[in-house]
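Undergrad: One structure, as structure tokens, below. Some questions next.
The values are calculated or read from the model by the stated rules, or taken from the named source; none is laboratory data. Just so we're clear, the structure is a prediction, and the values are computed from it rather than from any experiment. No Cβ is skipped: glycine too gets one built from the backbone with ideal geometry, and neighbour counts run over all protein chains shown. Surface accessibility is based on the protein's heavy atoms, side chains included, excluding ligands, DNA and RNA. Shrake-Rupley method; radii C 1.70, N 1.55, O 1.52, S 1.80 Å.
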Amino acid sequence: LPSLYSFWVCENLGGDDERIQCFSPETLSRVSFAPLNVVILIRQFDRVQPELDLANLPQLGLPDGMFLSFSDRPGLMTKREIRLLVLGELALKPKQIIWDIGAGTGSVSIEIARLFPTSKVYAIEKTAAGTALITQNCDRFQVENVISIHGNAPEILSDLPNPDRIFIGGSGGNLTQILTACSRLTPNGVLVLALA
């Protein structure tokens, strides 16, 4: 099987300005790092994914199979039909701040980013594998307005700007606390949850 690598860069470990981020090989060269850092490469085996013909993709409703997915749970993502409902309920507009909490593979974030390139989408994911997939899928679809954030909600949300829209795709059992943190939603903002 072919393998993909995710690059974890750990800067200033133990310091006040400690930072740990995941990058794909394509984005790694565009970023500068603190001199005190450790780089960890994690090999992830995956099925072969053909290059995307971005010009011929639908503007809305990307097929599920286009996204890189978890090798151990290949169908785990917000499915196309649900994404379409979520996007409609969010009533999105240009130049918004959007939180995608429990972003998984980034499928909802990427759909939003493609539709609204002037918006900023914060894709919050607690798993390292998910964060790496979001970065790889953003590169795959050539979207630059998704910020992949590795961390647990609601704690990580305090570092983000106030959102105009919030989608909660996963809560990790912290739904009550996450909803409390979502009180930072701007006036006339919209919050959408996907519950299974």
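Undergrad: Taking the full set of protein chains and a 1.4 angstrom probe, give the accessible area of SER29 in square angstrom, rounded to the nearest 10.
TA: Here the residue's solvent-accessible area equals roughly 100 Å².
Undergrad: Once fully extended, how much extra length lies between THR186 and ALA55, figured as 0.36 nm per residue of separation less the alpha-carbon to alpha-carbon distance?
TA: That works out to 43.7 nm of additional length.
Undergrad: Considering only protein heavy atoms and a 1.4 Å probe, what is the carbon-and-sulfur percentage of the accessible area of the chain?
TA: On the way: 5780 of 10350 Å².
The computed percentage sits at 56.
Undergrad: Okay, next question. Under 16 Å Cα to Cα from LYS120, which lysines show up? Leave out anything in the same chain fewer than 8 places away.
TA: Of all the lysines, those that pass the test against LYS120 - Cα under 16 Å, at least 8 places apart if same chain - are LYS93, LYS95.
Undergrad: Quick one: accessible surface of LYS79, probe radius 1.4 Å, all protein chains present, in square angstrom to the nearest 10.
TA: Accessible area of LYS79: about 80 Å².
Undergrad: Calculate how many DSSP beta bridges within the chain are antiparallel, expressed in % of all such bridges and rounded to the nearest 5.
TA: On the way: 14 of 32 bridges.
Among the beta bridges of the chain, antiparallel pairing accounts for roughly 45 percent.
Undergrad: If you don't mind, there's one more thing I want to ask. Name the residue from GLY61, LEU36, LEU13 whose Cα lies farthest towards the positive end of the charge dipole of the chain, charges +1 on Cβ of Lys and Arg and -1 on Cβ of Asp and Glu.
TA: Positive-most Cα among the choices belongs to GLY61.
Undergrad: Moving to a separate point now. Once the Cβ-Cβ distance between LEU84 and LEU28 is put in as r, and R0 is 35 Å, what FRET efficiency do you end up with, to the nearest 0.05?
TA: Values: r = 33 Å, r/R0 = 0.95.
It comes out at approximately 0.55.
Undergrad: Further question on the same structure: Could you order LEU90, LEU28, LEU60 by accessible surface area, starting with the largest, using a probe radius of 1.4 Å?
TA: Output order, biggest surface exposure first: LEU60, LEU28, LEU90.
Undergrad: Averaged per residue, what accessible surface does the chain expose to a 1.4 Å probe, in Å²? All intermediate terms of the calculation are to be shown ahead of the outcome.
TA: Working: 10350 Å² over 196 residues.
I get 53 Å² per residue for this part.
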